[in-house]
1. Looking at (1) surrounded by 20 or more Cβ atoms within 10 Å (Cβ to Cβ); (2) over 16 Å from Glu126 (Cβ atoms), find the lone condition where Phe105 falls short.
2. Please go through (1) touching a helix residue (DSSP H, G or I) at 6+ places or on another chain (Cβ under 8 Å); (2) surrounded by 15 or more Cβ atoms within 10 Å (Cβ to Cβ) for Asp38 and return the number of the only condition it doesn't satisfy.
3. Pull out all pairs, ordered by first then second residue, where Cβ-Cβ is under 6 Å, the residues are six or more apart or on different chains, the first lies in the stretch 5-17 and is closer than 11 Å to Ala46 by Cβ, and the second is part of a loop (DSSP other than H, G, I, E, B).
4. Would you point out the residue of the stretch 36-90, among those that are in contact (Cβ under 8 Å) with a residue 40 or more places away in the chain and among the basic types (Lys, Arg), that is farthest from Leu13 (Cα to Cα)?
5. Is it true that some residue in the stretch 30-37 is over 20 Å from Asp127 (Cβ atoms) and either of a type in the set (A, V, I, L, M, F, W, C) or not in a helix (DSSP H, G or I) (or both)?
Amino acid sequence: MKDQPEEYWKKKLTPQQYHILREKGTEAPFTGEFDAKDDKGMYTCAACGQELFSSETKFHSGSGWPSFYDAVSNDKVQLHDDSTHGMKRVEVTCANCGSHLGHVFDDGPGPTGQRYCINSACLAFEDK
């Protein structure tokens, strides 16, 4: 899916999703539909449908974005150094389509100590 032209993504995604997923934007904190969601299920990439995060690893970080302490598996997401905006962060992208999802930080709970801070607009949810 990484080889899809940008025209494909512009037609498939909403303008907000395109901005975040393809142009590495972000949504305002506490505005996304999944920040406070507690239902059991699977969070998938809004662009390509790949399974990314289980509700079993979701926690309330207080950051204003959905937070997870682990991905479904390491081969579902890719991590990249990100030094934009004068900060040193680690960007999280979908391994299947290359879309930007958010960032991961080392201030999460056990067992991983990670906080995957993901934009709601980048996710879809499947009840389980």
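We did not get these values from a lab; they are worked out from the coordinates using the rules stated. Bear in mind the structure is a predicted one, so any value in this text is a computation, not a measurement. So basically every Cβ, Gly included, is an ideal-geometry build from the backbone, and we count neighbours across all protein chains shown.
1. (1)
2. Checking Asp38 against (1) touching a helix residue (DSSP H, G or I) at 6+ places or on another chain (Cβ under 8 Å); (2) surrounded by 15 or more Cβ atoms within 10 Å (Cβ to Cβ), the one that fails is (2).
3. Gln17/Ala46
4. Lys40
5. yes
One line per residue, one yes/no per condition, for (1) under 21 Å from Glu27 (Cβ atoms); (2) touching a Cys at 6+ places or on another chain (Cβ under 6 Å); (3) surrounded by fewer than 15 Cβ atoms within 10 Å (Cβ to Cβ); (4) not polar (S, T, N, Q):
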site	(1), (2), (3), (4)
Ser67	yes, yes, no, no
Asn74	no, no, yes, no
Gly86	yes, no, yes, yes
Lys128	no, no, yes, yes
